[in-house]
Amino acid sequence: MKKSWLRLIFPIIILLVILFGLIISKTTSIDSKEEVAEELPRLVYHLNLDSLDIVYGEVKKNQNLSEILSPLVSMQTIDLISRTTRQIFDVRKIRLGNRFAVVTARDSLKTTLYFIYEITTTDFVVYDFRDSLRVYRDEKVVTKTIKTASGTISSSLWNAFVENDLDINLALKMSDVYAWTIDFYGLQKGDEFNVIYEELTIDTVPVGVGNILASRFKSSGRNFYAFYFEQDSVGTYFDEFGENLQRAFLKAPLRFSRISSRFTNSRKHPVLKIYRPHHGVDYAAPRGTPVVALGDGKVLEARWNGGFGRYIKIRHNSVYSTGYGHLSGYAKGIAAGKYVKQGDIIGYVGSSGLSTGPHLDFRVFKNNAPVDPLKMESPPAEPVDTVNIKAYTALVESMMVKLDSIK
């Protein structure tokens, strides 16, 4: 009888043990998750705010740091800040609309522990009041997210980005990448692009564009590729064959304008009303548009030059020189004898001299003879190093697939 009873009760005991084990396991799992969550602090400005409160504000018109801090800390502390921390951040440079934060203890006194002022979207200065005054600068974490975009040109690159609700900064980046290879003033309707790039975010808010990682720009039926590749910790853009996209000369001396007159041996002058050679290219652009040096060189002239108005001439080497006419003004420091780098701003579009409206008269001279800037070929910089060609080829193959998949 006893054995029979044991045979009946034994399976029930086993079942209870199993169920109890599952309950313990589940409870342990839940507790474990809670413990992990507790180990992750709430970090803001790299400060642990788990047991603190934070309130944000913006600098108002005519407001200074003393006015902001006076309800929070003593006047002695404010005086100490203004006298001893200028080398870290000059409090006279706080700007209207910039954000700040006040961190207080979570108690009845609401004691101010930190004051943080955002200098830029990334840089900030921290005033630590916990013991003695401590002031230091820091940076927010910038997150990079890989994004893709595509578009078709209807009128201009700029309008294509507006029409597709894309970041205009990406258009500027693309114009920089292709500055040596694509004439963005000669784009045609139907030209198109695909691009893979880094979107920069701070606290999940987009703040700009990082590197373009790969792109394909189809213009006049030809594909122009660009791939970002680092050699010796320096990133450069190359085409699908490993040739450097950077050239000795830019394709044009200003961004996002249109060609209003081309190189010709006979053109009716808009002011003089007579036919004569126009050995340059006119770029129509708003007054004040920055004009950049086509390449490295020495400024030969920066002066009034008759019908050209305010004029700059740069000698790039023993063969080439360039001229920039009808400027509204010169960039700071530009004068004869000054050395400039490719892409440096040298002046601004205007209509000085014999001109009917704002534009740049741009000229290129080869051995002192004028040549058509739109037909000038420029030698490329160094290609991908042979020791890196295998890695570069693998990168290109991978990125080609991704570019082709962008819709």
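Details
- Filter pass, PHE249 being modelled with pLDDT of 90 or more and under 22 Å from MET376 (Cα atoms): no
- Test result for LEU80, of a type in the set (A, V, I, L, M) and over 24 Å from PRO206 (Cα atoms): yes
- LEU327 touching an Asp or Glu at 6+ places or on another chain (Cβ under 8 Å), surrounded by 14 or more Cβ atoms within 10 Å (Cβ to Cβ) and either closer than 16 Å to LEU294 by Cα or polar (S, T, N, Q) (or both): no
- Considering residues of region 167-184 that are part of a loop (DSSP other than H, G, I, E, B) and in contact with a helix residue (DSSP H, G or I) (Cβ under 9 Å, 6 or more places away or on another chain) only, the residue nearest to GLY210 (Cα to Cα): ASP167
- ILE196 vs. criteria closer than 22 Å to TRP158 by Cα, in contact with a strand residue (DSSP E or B) (Cβ under 9 Å, 6 or more places away or on another chain), at pLDDT 90 or above and part of a strand (DSSP E or B): yes
- Taking the criterion of being under 27 Å from THR122 (Cβ atoms) and either not small (Gly, Ala, Ser) or not in a strand (DSSP E or B) (or both), the residues of region 210-251 that qualify are ASN211, ILE212, LEU213, TYR228, PHE229, GLU230, ASP232, SER233, VAL234, THR236, TYR237.
For (1) out of contact with any Pro (no Cβ under 9 Å at 6 or more places or on another chain); (2) open to solvent by 50 Å² or more (accessible area, probe 1.4 Å); (3) at pLDDT 90 or above, each residue gets a yes or a no:
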site	(1), (2), (3)
GLU301	yes, no, yes
GLY307	yes, no, no
TYR311	yes, no, yes
LYS341	yes, yes, yes
ASN368	yes, yes, no
LEU374	yes, no, no
PRO380	yes, yes, no
ALA391	yes, yes, yes
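- Elements of type strands (runs of 3 or more DSSP E) contained in region 316-407, each with 3 or more residues being farther than 23 Å from LYS173 by Cα and touching a residue at least 24 places away in the same chain (Cβ under 8 Å): 320-330, 359-366
- Residue in region 43-52 that is of a type in the set (D, E, K, R), loosely packed, with under 12 Cβ neighbours inside 10 Å and either in a loop (DSSP other than H, G, I, E, B) or at pLDDT 90 or above (or both) present: yes
- Screening GLY190, GLY242 for residues that are touching a Phe, Trp or Tyr at 6+ places or on another chain (Cβ under 7 Å), on the phi > 0 side of the Ramachandran plot and either touching a residue at least 12 places away in the same chain (Cβ under 8 Å) or surrounded by fewer than 20 Cβ atoms within 10 Å (Cβ to Cβ) (or both) leaves exactly one candidate, GLY242.
Results for (1) open to solvent by less than 70 Å² (accessible area, probe 1.4 Å); (2) under 19 Å from the mean Cα position of the chain (by Cα); (3) modelled with pLDDT under 85, shown as yes or no for each residue.
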{"residue": "ILE146", "(1), (2), (3)": "no, yes, no"}
{"residue": "SER150", "(1), (2), (3)": "yes, yes, no"}
{"residue": "SER156", "(1), (2), (3)": "yes, no, yes"}
{"residue": "VAL162", "(1), (2), (3)": "no, yes, no"}
{"residue": "LEU166", "(1), (2), (3)": "yes, yes, no"}
{"residue": "ALA171", "(1), (2), (3)": "yes, yes, no"}
{"residue": "MET174", "(1), (2), (3)": "yes, yes, no"}
{"residue": "ASP183", "(1), (2), (3)": "yes, no, yes"}
{"residue": "GLY186", "(1), (2), (3)": "yes, no, yes"}
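- Extreme residue, least open to solvent (accessible area, probe 1.4 Å), among residues of region 83-126 that are assigned to a loop (DSSP other than H, G, I, E, B) and polar (S, T, N, Q): THR85
The values are calculated or read from the model by the stated rules, or taken from the named source; none is laboratory data. Note that the structure is predicted; figures quoted are calculated from it, not measured. Virtual Cβ from ideal backbone geometry, glycine too; neighbours counted across all protein chains shown. Please note that ligands, DNA and RNA were not included when accessible areas were found on the heavy atoms of the full protein model with its side chains. Shrake-Rupley method; radii C 1.70, N 1.55, O 1.52, S 1.80 Å.
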